[in-house]
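Asker: Have a look at this one.
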Amino acid sequence: MKKIINKTENVVEDMLQGMVKAHPEYLKRISESNVLVRKKSPVKGKVALLSGGGSGHEPAHGGFVGLGMLDGAVAGEVFTSPTAEEVLKGIKAVDGGAGVLLIIKNYSGDVMNFEMAAELAQMEDISIEQVIVNDDVAVEDSTYTIGRRGIAGTIFVHKIAGAAAEKGWNLENVKRVAQKTIKNVRTMGMSLSPCIVPSSGKPSFEIEEDEMEFGLGIHGEPGIRREKIKSADEIADALLDNILKDMDLAKGDEVALLVNGLGGTPLMELYIVNKEANNLLKEKEVKVYKTMVGNYMTSLEMKGVSLSLLKLDEELKKLLDSKADTPAFKQL
Amino acid sequence: MKKIINKTENVVEDMLQGMVKAHPEYLKRISESNVLVRKKSPVKGKVALLSGGGSGHEPAHGGFVGLGMLDGAVAGEVFTSPTAEEVLKGIKAVDGGAGVLLIIKNYSGDVMNFEMAAELAQMEDISIEQVIVNDDVAVEDSTYTIGRRGIAGTIFVHKIAGAAAEKGWNLENVKRVAQKTIKNVRTMGMSLSPCIVPSSGKPSFEIEEDEMEFGLGIHGEPGIRREKIKSADEIADALLDNILKDMDLAKGDEVALLVNGLGGTPLMELYIVNKEANNLLKEKEVKVYKTMVGNYMTSLEMKGVSLSLLKLDEELKKLLDSKADTPAFKQL
Amino acid sequence: MANTQLLIKIIRRMGEKIIENKDFLTELDRAIGDSDHGINMSKGFQTVNNKLEEVEDKDWGTILKTVAMTLLSNVGGASGPLYGTAFLRASTVVHGKTEICQQDVIHLFEKAIEGIKTRGKSDKGDKTILDALIPASNAIKEAYQQGEDSKTAFKRAEKAALEGVEYTKTIIAKKGRASYLGERSIGHQDPGATSTYIMIQSIREILEED
Amino acid sequence: MANTQLLIKIIRRMGEKIIENKDFLTELDRAIGDSDHGINMSKGFQTVNNKLEEVEDKDWGTILKTVAMTLLSNVGGASGPLYGTAFLRASTVVHGKTEICQQDVIHLFEKAIEGIKTRGKSDKGDKTILDALIPASNAIKEAYQQGEDSKTAFKRAEKAALEGVEYTKTIIAKKGRASYLGERSIGHQDPGATSTYIMIQSIREILEED
Ligand SMILES: Nc1ncnc2c1ncn2[C@@H]1O[C@H](COP(=O)(O)OP(=O)(O)O)[C@@H](O)[C@H]1O
Ligand SMILES: Nc1ncnc2c1ncn2[C@@H]1O[C@H](COP(=O)(O)OP(=O)(O)O)[C@@H](O)[C@H]1O
Ligand SMILES: [Mg+2]
Ligand SMILES: [Mg+2]
Ligand SMILES: [Mg+2]
Ligand SMILES: [Mg+2]
C-alpha cells in the first residue's frame, strides 16, 4: 500500500488537523468531534446546511464548508458513515435558529445515522429537514432496493441549496430547491483502478491492465460491469448515454456539466473527457451553461472519472451562479 | 498504460480543446497554436505575463491564465518544451503594449526555446523580459551545472507577478518582484510512483512496493536518491529540512507554504502532510501566513508531494493576498 | 435460568471472535461492499469490551443497552446503527432483570429483528444480517417449544444461521452496498450475515462451556 | 566533390535511422531524462522528410536551413533548438553552394559545434551531444589533413562518435535534464550523444553506398 500517511488508524484525525491548518480562514473544528464548520458558525438566522459521510472523498465534504455552500461537514472513518452521535454534534454546531438541512448521500449507513441524529435533534427542538441525494444512474432504481447511490452530483446540491440558504431563504424553501436539484441531476462513473482503504491495506478489487470498471460508486466498490478499456471519447459517450437515457432533456435545454475525477486521475485526462462530453451535448443541441472539471468527489486514489448532468431552469441558474467561497469551490 | 485518453499523439490537442470548453469565460485559444490566453487578451497597457512549458503539469500553466495571474500559457508536448515559434505566437497574443514578462522554469529546453522566442520578439519591437524559476533544492546549484530546476514554486511567481501586473506596475517593476519571489522560494518533492508519458507508454522509472524517490522533479525523472517509504510525518520533516537548510529564515519570519500534489496523490494525503509541515514550522517559530494545499504543478498521474516555502515581506504579502480569478486559482 | 455473568461472558466471546475474524469479514466486504465490515465491527466490540467492566454487575437491560449505545456511537457505517438498534430493542425486553427465561430469549431475538427491519427497511431475502438472524431466531423458538434446553436451541440456531449465510450466496442483494452490484453480488456471502453467525456461534460456545 | 543529391540522401537516411531508433533513444532518455528523446527526434525528422521534396533541387545552404527551421519549429524540448541551431549555423557555411569541398565539411561541423555550445552553454565533458559531435568533427578534420577521402574520414568519425557515446557512460551530466540526477547519471549513455552518433553513422553509410 503506497500512501503518504502515518498510522492507518489516524488518517482521518491527521487529515482533519491538516485541513483546519490549511484553511484557518474558512474552517474550525468542533472539539472532540470530527465535525468541521465555518469559522463563524453558527450563522444566526440563516438556514444551516450540514453534510458529511465517510472520509476518502476529499475535498467532499469539508472542502465545501464556507460562504454559499455548507455550514458544516461530519467526517466518518474512511468510507464509513459517521455515527449518529457525531452527526448530532454537527447539527448542534451549525444550527443558527433557522433550522438545519441535512444533505445525505443515499447509502444505508449514512441514511440510518443521519436519520437517527435528526430524531435526536428534533427531541431537542431543533427544526430539521433532510434530503437524500441519489444521482447514480448506474444502479437500478426500484422500490425493492435501496435505490440509487449518491455520488458526485451531491456537489450541485451543496452549491445550489447553499446559495439559497445564503440568500436567507427559509428551511422549507431551501429544502425545495435542494430536492429540485436532486430530481434534476444524474451521474455515472467509471474507473481504471481500485483504491485501497488504509485500514484494510488491500486494493478494493483486482483488475487487469486492459480492463475498466463501468458504473461504479465512490467507495472502491466494483462497478456494474467490467469491460476492455476504451478511448476517452468512447468512455465519455458511454457515460453520457446512460445519463441521457435517464433524463428528460429536450433540444435547447440547458445543463451544468461536472467532469469529476476520482482522485488518481490527472486533470489532463479530465479535460480530455470534457472535450468529448461537451461536443456530444452540442451535437444533441443541449446547451452547456456551465462546466466544472476537477476532483470534487473522490474515492481515495482511484483512477477514474464520473460525469454529472444537472438540468437547469432560471432559478437553478441563478443559484448556481451566485458567489461561493470555500476551500475547494470558489466563485467570484 | 491505464489512461483515459484517445490517440497518444493527440493528448495535448484534446486537452487544450477540453480546457477551453471547460472555461470559456476565462480562456481562448490562439488559432493554429497551443497557446491559451485570457478571454480578453491582450489587455491594453498592462504588462503581460506569459509562461508555459511541456504539458503534463496541469493545471499549470493554462489553469493559471486569468485575472491577477498569467495572460497566456504556451503548451508543449508532454514534458517537452514548446518550440520557439509557439512561444513567439504566445508573446504576440498577450502583448498589450506595456511589455511581456516570460516566466520560465529552469530546464535547458524551456530556457533555450523561450530565449529564442524573446530574441525574435525583440526584433519585432516588443519589449520583453524574462525570469527563470529555479526553486528545487534537491539539485545542487553550481556554476558548472545548469543549476536548479523550476518546479511548484513557480505558482507563487505567477501569483505575485500577476498581482503586480494587474495593479498596473511597469515591466521593470513586475520583473523585480518576480525575481524577489524566485529568490525567496524553495521547493522539494518526493514520489511513491512513476508516471507514464503517453507517447512512450512506459513508467518513467521502476520502483519497489516499499520504496520512494526523494528529491525529484516534475517530469517523471528519478529523484536524487531512493529510500524505504517513510511515514507522512517523516516525509514532511525531511522535505522541510532540506528546504530550511537552504533558506535564510529567522524566528518570527513569515512564509507561504504550498503543499503540492503531483497528480495521483489524493487530497487526503496532502492534508496529512500539511498537518506535520505546519506543526514543524510552528515549532521553529516560523509563521505560516498562508497555506495552499492541492494539485498545482503536477507530473501526470505521479503519486507524490512537494513542499514549497516562500519567505514573505510586506510587499509580497500584499500581492499574494490580492484578488485572482483563474480556472485553477481563485481568491476573492 | 441465565444470569448476567453468562451474558458478560457471551459478549466478551462475541468480541473475541469478531476481532479474530476481522480480516475475514473485511475480505467478504471487499468482494461486494467497501472492505470495512470487519474493521467496523472489531472497532465496535473493542470499545464494548472496555465499557463492559463498568456494567458487569448491572442487569441484563443495562448491559445490553450499554452494548447498543457503544455500537451506535462508535461503529458508524450501516452495521453500527443496525446492530446498535438490535441490541437496544433487545434491552427493552429484559429491562431490570438479572435472570432471564426462555420466553425472554425468544422475545429478545424478535425485538432485535424488528429493530433491524425498521431501521434498515429490510427483510429476509435481502442478503443482509436478517438472513442469518431470522432463521436463528426461528430455530431457537422452535427448539424451546419442543422442550429443548438452551444448549440445543443455540446449536440449532448456529446451524440455521450458517445455512442463512450459505443462502446469501445464492441471492441478489437488495439492501446495503452490495445491492449496487446487482447480479454481480451473487456467489458471495453477506458480511453482515456472517458477523451475525459468528455472534450466534459465540453464544453456543459459551453455553457449551458453561 | 559532394553534391546536394548526396545531402538529400544523407538527411533521408538520418531520418530513417532516427525513426528506427525511436524506442531505443527514448529508452535511453528514460534512464536519465524524461523519456522523450526518440519521440522528439523522430517527430522532427518525420517533418523534415516531408519538407525535403520542396528543396531537393536547392543548394546546400537552403537544404540545411530547411532542416534547421523544421527542427526548430517542430521538435521543442532541448534537442529541437540545439540540433536546429547546429543545422542553421552549418547552413551559413555553404550558402548558395551546390557542391562542397572538404574544407566546407570541416567548417560546417565547426560551426555546428559552435552553435550548440552557444545555445546550450555547454562543452565537451558535460554528457551531451557535444561528446559525440566534437570527437567526430576532430576525426574528420584529422583524416582530411592526412589526405584521406570522405569515406575514410566518416568511418573514423563514426568510431570517434561511438567512443564519445561510451565516454558519456563514465561521466556525470552537467547540462540537460540528466544533470539533475548528479551521481546517478553515471553508467548511462547520453541520448543526445547517441542520436548524434546515429546521424554520423548515416553519413558514413551513404558515403559507402555511393
Ligand atoms: N438495510 C439493511 N438492513 C439490514 N442489514 C443491512 C442493511 N444494509 C446493510 N446491512 C448489513 O450491513 C453489512 C455491511 O456492514 P458494514 O460494512 O459495516 O457497513 P457499510 O456498508 O456502511 O460499509 C452488510 O453486509 C449487510 O449485512
Ligand atoms: N545544454 C545542452 N547542451 C548540449 N546538449 C544538451 C544540452 N541540454 C540537453 N542536451 C542534449 O539533449 C538531450 C535530450 O534531448 P531531449 O530529450 O529531446 O530534450 P529534453 O531534455 O528537453 O527532454 C540530452 O541527452 C543531451 O544530449
Ligand atoms: Mg463502510
Ligand atoms: Mg522532454
Ligand atoms: Mg462495509
Ligand atoms: Mg528528454
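Asker: Could you tell me the ratio Rg/Rh of region D:16-109? Both radii from Cα atoms, Rh via Kirkwood. Working shown, then result.
Answerer: Working: Rg = 14.2 Å, Rh = 13.8 Å.
Using only Cα positions, Rg/Rh for region D:16-109 is 1.03.
Asker: If you wrap a convex hull around the C-alpha atoms of region D:96-210 and split its volume per residue, what is the figure in Å³?
Answerer: Values: hull volume 11.1 nm³, N = 115.
Given the Cα convex hull of region D:96-210, per-residue volume reads 97 Å³.
Asker: Considering only DSSP beta bridges where both residues belong to the protein assembly as shown, give the percentage that are antiparallel (nearest 5).
Answerer: Details: 64 of 112 bridges.
Percentage antiparallel, nearest 5: 55.
Asker: Let me see the P(r) profile for region A:1-94: every Cα-Cα distance counted, bins of 5 Å, each bin given as a percent of all pairs.
Answerer: 3, 15, 27, 26, 17, 7, 3, 1, 0, 0
Asker: Going out from 0 in 20 Å bins, what whole percent of all Cα-Cα distances in the protein assembly as shown drops into each bin?
Answerer: Going out from 0 Å in 20 Å bins, the protein assembly as shown shows 12, 39, 30, 14, 4, 1 percent.
Asker: Let me ask something else. Would you mind telling me which residue in D:Val105, D:Val55, D:Val165 has the biggest mean-square fluctuation in a Gaussian network model of chain D, where springs connect alpha carbons within a distance under 10 angstrom?
Answerer: Comparing D:Val105, D:Val55, D:Val165 in the GNM, the peak value goes to D:Val55.
Asker: Taking the 0 to 90 degree range and rounding to the nearest ten, how far is the long axis of helix D:60-74 tilted relative to the main principal axis of chain D, both from C-alpha atoms?
Answerer: 30
Asker: Tell me which of B:Val197, A:Met15, C:Ala193 sits at the most positive position along the dipole axis of the protein assembly as shown, charges placed on C-beta atoms (Lys, Arg +1; Asp, Glu -1).
Answerer: Projecting each Cα onto the dipole axis, the largest value belongs to A:Met15.
Asker: Which value in deg cm²/dmol, rounded to the nearest 500, describes the helix-derived mean residue ellipticity at 222 nm for the protein assembly as shown, given -39,500 (n - 2.57) per DSSP H run of n ≥ 4 and division by the residue count?
Answerer: Using -39500 (n - 2.57) per qualifying helix, the result is -15500 deg cm²/dmol.
Asker: On to the next question. So what does B:Met1 come to for accessible area, using a 1.4 Å probe and Å² rounded to 10?
Answerer: Accessible surface of B:Met1 is approximately 80 Å².
Asker: Still on this model: Can you compute the FRET efficiency between B:Lys284 and D:Ile186 using 1/(1 + (r/R0)^6), with r the Cβ-Cβ distance and R0 = 45 Å? Round to the nearest 0.05. All intermediate terms of the calculation are to be shown ahead of the outcome.
Answerer: Working: r = 36 Å, r/R0 = 0.81.
After rounding, the FRET efficiency stands at 0.80.
Asker: Also, quick follow-up: Binned at 5 Å from 0, what are the whole-percent values of the Cα-Cα distance distribution for region B:184-324, short to long?
Answerer: 2, 10, 20, 22, 18, 13, 8, 4, 2, 0
Asker: To the nearest 0.05, what FRET efficiency results for B:Lys167 and A:Glu227 with a Förster distance of 41 Å applied to their C-beta separation? Spell out each step's value before the answer.
Answerer: Values: r = 53 Å, r/R0 = 1.29.
Given R0 = 41 Å and the Cβ-Cβ separation, E is 0.20.
Asker: Based on Cβ point charges of +1 for Lys and Arg and -1 for Asp and Glu, what charge dipole magnitude is obtained for region C:48-122 about its Cα centre, in debye rounded to the nearest 20?
Answerer: 480
Asker: While we're looking at this one, here's another question. What is the extension gain from C:Glu166 to C:Asp57, computed as 0.36 nm multiplied by their sequence separation minus the C-alpha to C-alpha distance, in nm to one decimal?
Answerer: Details: separation 109, 0.36 × 109 = 39.24 nm, distance 3.80 nm.
Net length gain for the segment: 35.4 nm.
Asker: For the full complex of protein chains and a 1.4 angstrom probe, list C:Thr98, B:Thr80 by accessible area with the highest value first.
Answerer: Details: C:Thr98 85, B:Thr80 5 Å².
Solvent-accessible surface, decreasing: C:Thr98, B:Thr80.
Asker: Same structure again: Once label points are set 7 Å from the Cα along Cα→Cβ at both C:Lys159 and C:Glu99, what is their separation, rounded to one decimal in nm?
Answerer: With each label point 7 Å from Cα toward Cβ, the separation is 3.0 nm.
Asker: Turning to a different aspect of this structure: Shortest first and in nm with one decimal, please list how far the D:Gln46 label point sits from its counterparts in the other copies (point 7 Å along Cα→Cβ).
Answerer: Ordered by distance, the counterparts are at 5.6 nm.
Asker: Under a point spin-label approximation (7 Å from Cα along Cα-to-Cβ), what is the C:Asn50-A:Lys7 distance to one decimal in nm?
Answerer: Distance between label points: 1.1 nm.
Asker: Quick one: the Cα spread of chain D along its three principal axes, in angstroms, biggest first?
Answerer: Projected onto the principal axes, the Cα atoms of chain D cover 47, 38, 30 Å.
Asker: Another question, then. Apply the Debye scattering formula to chain B, with a single equal point scatterer on each alpha-carbon and no solvent, then give log10 I(q)/I(0) at q = 0.09, 0.13, 0.14 Å⁻¹.
Answerer: Here the Debye-derived log intensity ratios amount to -0.43, -0.92, -1.08.
Asker: Quick one: what are the phi-derived ³J(HN,Hα) couplings along region D:135-148, Karplus 6.51/-1.76/1.60 with θ = phi - 60°, whole Hz, x for glycine and proline?
Answerer: Once θ is set to phi - 60°, the couplings for region D:135-148 become x, 4, 4, 4, 4, 4, 4, 4, 4, 4, 4, 7, x, 6 Hz.
Asker: Using alpha carbons only, how many degrees (0 to 90, rounded to 10) separate the axis of helix D:22-32 from the longest principal axis of chain D?
Answerer: Tilt relative to chain D: about 40 degrees.
Asker: Taking the simple approach of a point 7 Å from Cα along Cα-to-Cβ for both D:Thr92 and A:Gln179, what is their distance in nm?
Answerer: Those two pseudo-labels are separated by 7.9 nm.
Asker: Can I ask one more? From the label point of D:Asp149, set 7 Å along Cα to the beta carbon, how far off in nm is each other copy's matching point, shortest first?
Answerer: 11.3
Asker: Could you give the dipole magnitude of chain A about its Cα centre, charging the beta-carbon of Lys and Arg +1 and that of Asp and Glu -1, in debye to the nearest 20?
Answerer: Working: 41 positive and 49 negative charges, 226 e Å.
Computed about the Cα centre, the dipole is about 1080 debye.
Asker: Right, another one. Distance from the Cα centre of region B:230-293 to that of region C:1-16, in angstrom?
Answerer: Each part reduced to its Cα centre gives a spacing of 50 Å.
Asker: Please identify, among B:Lys311, B:Lys245, B:Lys159, the residue showing maximal mean-square fluctuation in a Gaussian network model of chain B using a 10 angstrom Cα cutoff.
Answerer: B:Lys245
Asker: Explain nothing, just the number: dipole magnitude of the protein assembly as shown about its Cα centre with +1 on each Lys and Arg Cβ and -1 on each Asp and Glu Cβ, in debye rounded to the nearest 20. Please list the in-between numbers first.
Answerer: Numbers: 140 positive and 160 negative charges, 502 e Å.
Once rounded to the nearest 20, the dipole reads 2400 debye.
Asker: Rank B:Leu249, A:Leu101, D:Ile100 by how far each Cα sits towards the positive end of the charge dipole of the protein assembly as shown (+1 on Lys, Arg Cβ; -1 on Asp, Glu Cβ) and give me just the farthest.
Answerer: Toward the positive end, the furthest listed residue is A:Leu101.
Asker: If you don't mind, there's one more thing I want to ask. Could you work out how far helix C:150-170 tilts from the main Cα principal axis of chain C, as a 0 to 90 degree angle to the nearest 10?
Answerer: So the inclination is approximately 10 degrees.
Asker: Roughly how far apart, in whole Å, are the Cα centres of region A:1-31 and region C:35-75?
Answerer: 27
Asker: Looking at chain B as a GNM with Cα springs under 10 Å, which of B:Val293, B:Val35, B:Val94 has the largest mean-square fluctuation?
Answerer: Result for chain B, Cα springs under 10 Å: B:Val293 fluctuates most.
Asker: To continue, here is another question. Give the residues of region C:1-44 whose amide nitrogen is closer than 17 Å to a point set 7 Å from the Cα of C:Asp149 in the direction of its Cβ.
Answerer: C:1-3, C:6-7
Asker: Right, another one. Taking each label point as 7 Å beyond Cα in the direction of the beta carbon, state the distances from B:Pro24 to the same residue in the other copies, shortest first, in nm.
Answerer: 4.3
Asker: Another question, if that's okay. Using the Cα atoms as the points, what is the convex hull volume per residue of region A:100-191 in Å³? It would help to have the intermediate numbers written out before the result.
Answerer: Details: hull volume 9.3 nm³, N = 92.
Dividing the Cα hull volume of region A:100-191 by its residues yields 101 Å³.
Asker: Looking at C:Ile32, D:Leu64, A:His158, which one has the Cα that reaches farthest to the positive end of the dipole of the protein assembly as shown (charges on Cβ: Lys, Arg +1; Asp, Glu -1)?
Answerer: A:His158
Asker: Rounded to whole Å, give me the distance from the Cα center of region A:46-60 to that of region D:124-161.
Answerer: Cα centroid to Cα centroid, the span is 69 Å.
The values are calculated or read from the model by the stated rules, or taken from the named source; none is laboratory data. Remember, predicted model here, so these are calculated numbers, not experimental data. Cβ atoms come from the backbone with ideal geometry, glycine included; neighbour counts cover every protein chain shown. Protein only, heavy atoms only, side chains kept; ligands, DNA and RNA dropped before computing areas. Shrake-Rupley method; radii C 1.70, N 1.55, O 1.52, S 1.80 Å.
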